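Just below is one structure, and these are the notes that go with it.
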Amino acid sequence: MKQRRDRRISNKQRHPEGDHLTRQMFVITAQGLEPIAVRGSRAASLLGKHAAAVQRFLRTGDSSALDAFRGKRVAGHELITKPRLLTALADAGALRLDDLYVQPTWTA
């Protein structure tokens with residue numbers, strides 16, 4: 001009896017370069033969260049990983065996770081990695097990192 005080959009192809013095999021869709025997401029700036037248009041899954045992923053590193057820093061005080069984002073930019077915005085600035089923004093209530101995607105507003 002012949003063995004059947006599994007013909008399922010992972011998303012990574014199908015689209016190795018990522019997608020080029022535009023998403024509305026929040027980026028952390030010196031003034032707080034700012035909505036921006038992010039093009040591509042790689043940029044969106046980088047923004048999500050940065051937000052996770054910021055949350056980890058704010059929770060634990062360990063800033064080592066932020067080092068990987070030093071000098072990185074998304075949609076023209078440099079990712080904030082300065083612990084004092086992030087702490088000040090969090091203390092002022094300017095960071096809400098539970099949802100990075102801008103919610104669409106619907107009009108009738």
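Only residues in the range 23-51 that are over 13 Å from L97 (Cβ atoms) count as the first member; pair them with residues that are surrounded by fewer than 18 Cβ atoms within 10 Å (Cβ to Cβ) and among the acidic types (D, E), Cβ under 6 angstrom, at least 6 apart or cross-chain, and list the lot.
S41/D19
Only one of L89, L66, L46, L85 is under 18 Å from H20 (Cα atoms), modelled with pLDDT of 95 or more and in a helix (DSSP H, G or I); which?
On the way: L89 fails: under 18 Å from H20 (Cα atoms); L66 fails: under 18 Å from H20 (Cα atoms); L85 fails: under 18 Å from H20 (Cα atoms).
The conditions single out L46.
Can you say whether L33 is modelled with pLDDT under 95 and under 11 Å from the mean Cα position of the chain (by Cα), as far as the supplied structure shows?
It is false that L33 is modelled with pLDDT under 95 and under 11 Å from the mean Cα position of the chain (by Cα).
This table checks each residue for (1) without any contact (Cβ under 8 Å) to a residue 24 or more places away in the chain; (2) surrounded by 17 or more Cβ atoms within 10 Å (Cβ to Cβ).
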{"site": "F57", "(1), (2)": "no, yes"}
{"site": "F69", "(1), (2)": "yes, yes"}
{"site": "K72", "(1), (2)": "no, no"}
{"site": "K82", "(1), (2)": "yes, no"}
{"site": "D91", "(1), (2)": "yes, no"}
{"site": "A94", "(1), (2)": "no, no"}
{"site": "P104", "(1), (2)": "no, no"}
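Looking at the structure I just gave you, is T87 touching a residue at least 24 places away in the same chain (Cβ under 8 Å) and β-branched (V, I, T)? Steps first, answer last, please.
Values: touching a residue at least 24 places away in the same chain (Cβ under 8 Å): yes; β-branched (V, I, T): yes.
Considered against the rule, which asks whether it is touching a residue at least 24 places away in the same chain (Cβ under 8 Å) and β-branched (V, I, T), T87 comes out as yes.
The values are calculated or read from the model by the stated rules, or taken from the named source; none is laboratory data. Just so we're clear, the structure is a prediction, and the values are computed from it rather than from any experiment. Heads up, the Cβs are rebuilt from the backbone with ideal geometry, glycines too, and the neighbour counts pull from every protein chain shown.
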